[in-house]
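> Before anything else, here's the structure in question.
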Amino acid sequence: YNTGTALKFLGSLNVEVLEKSVQIVMDLHDSLRTCLFESNSVPSNPGSLHILQLAHHTGELQVPFYRHHVGSDAEAADTLRRQHRTPFVLSFAPLFRVSVC
C-alpha cells in the first residue's frame, strides 16, 4: 500500500532542519531503512522463490527529499498527487520520500 500525508505549515519553515530531522528519524528506525528483494537461494528450501528484507546500516542512505516551487495551493496539491502516484521500487530503500512545496 502507498499512503500519503500532507501537512500545511503556517509561517516560515527551516527546510534544512526538517531534512536533517527526517534523516535522524530514519537513522533511528530499521524499518525506514528496509528494502525487499526476491531470492531463490535460501538454503532451507533451494529452488523456491522467497522475499527477503534488508535493513541498511545507519548512515548508508539519504532521505529522498524533494523541493517543489509552486505558486498556489492547487499547484502544490497537484504536485503532491503526482508524486503520490509514483510507485516505489521495493528493492531500493528507503521506501518513503519527503516533498516540500
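The values are calculated or read from the model by the stated rules, or taken from the named source; none is laboratory data. The shown structure was predicted, so the numbers you read here are calculated from the model rather than taken from an experiment. As a convention, Cβ positions derive from the backbone with ideal geometry for all residues, glycine included, and neighbour counts pool all protein chains shown. Only protein heavy atoms, including side chains, enter the accessible area calculation; ligands, DNA and RNA are left aside. Shrake-Rupley method; radii C 1.70, N 1.55, O 1.52, S 1.80 Å.
> Name the pairs: first residue in segment 24-39 and touching a residue at least 12 places away in the same chain (Cβ under 8 Å), second residue surrounded by 14 or more Cβ atoms within 10 Å (Cβ to Cβ) and of a type in the set (Phe, Trp, Tyr), Cβ to Cβ under 9 Å, at least 6 apart or on different chains?
The qualifying pairs are MET26/PHE96; LEU32/PHE96.
> OK, next. Which one of these is in contact with a Phe, Trp or Tyr (Cβ under 6 Å, 6 or more places away or on another chain) and not in a strand (DSSP E or B): SER48, SER91, SER31?
Only one candidate qualifies: SER91.
> Can you tell me which residue within segment 68-91, out of those that are among the hydrophobic types (A, V, I, L, M, F, W, C) and free of Cβ contacts under 8 Å to residues at least 24 places away in the same chain, is nearest to GLU38 (Cα to Cα)?
VAL89
> Still on this structure, I have one more. Considering only segment 31-50, I want to know if a residue exists there that is within 14 Å of the chain's Cα centre (by Cα), under 29 Å from LEU10 (Cβ atoms) and open to solvent by 50 Å² or more (accessible area, probe 1.4 Å).
Yes, segment 31-50 has at least one match.
> Still on this structure: Could you go through segment 60-72 and let me know if any residue there is open to solvent by less than 50 Å² (accessible area, probe 1.4 Å), part of a loop (DSSP other than H, G, I, E, B), more than 21 Å from THR5 (Cβ to Cβ) and at pLDDT below 90.
So far as segment 60-72 goes, no, none of its residues is open to solvent by less than 50 Å² (accessible area, probe 1.4 Å), part of a loop (DSSP other than H, G, I, E, B), more than 21 Å from THR5 (Cβ to Cβ) and at pLDDT below 90.
> Name every residue in segment 73-92 that is surrounded by 13 or more Cβ atoms within 10 Å (Cβ to Cβ) and farther than 17 Å from THR3 by Cβ, in order of residue number.
Those that are surrounded by 13 or more Cβ atoms within 10 Å (Cβ to Cβ) and farther than 17 Å from THR3 by Cβ: GLU75, ALA76, ASP78, THR79.
> Please verify whether SER48 is among the small types (Gly, Ala, Ser) and modelled with pLDDT of 90 or more, treating the condition exactly as stated.
The answer is no for SER48.
> Kindly list the number of the only condition in (1) loosely packed, with under 12 Cβ neighbours inside 10 Å; (2) at pLDDT 90 or above that fails for ASN2.
It fails just one condition, (2).
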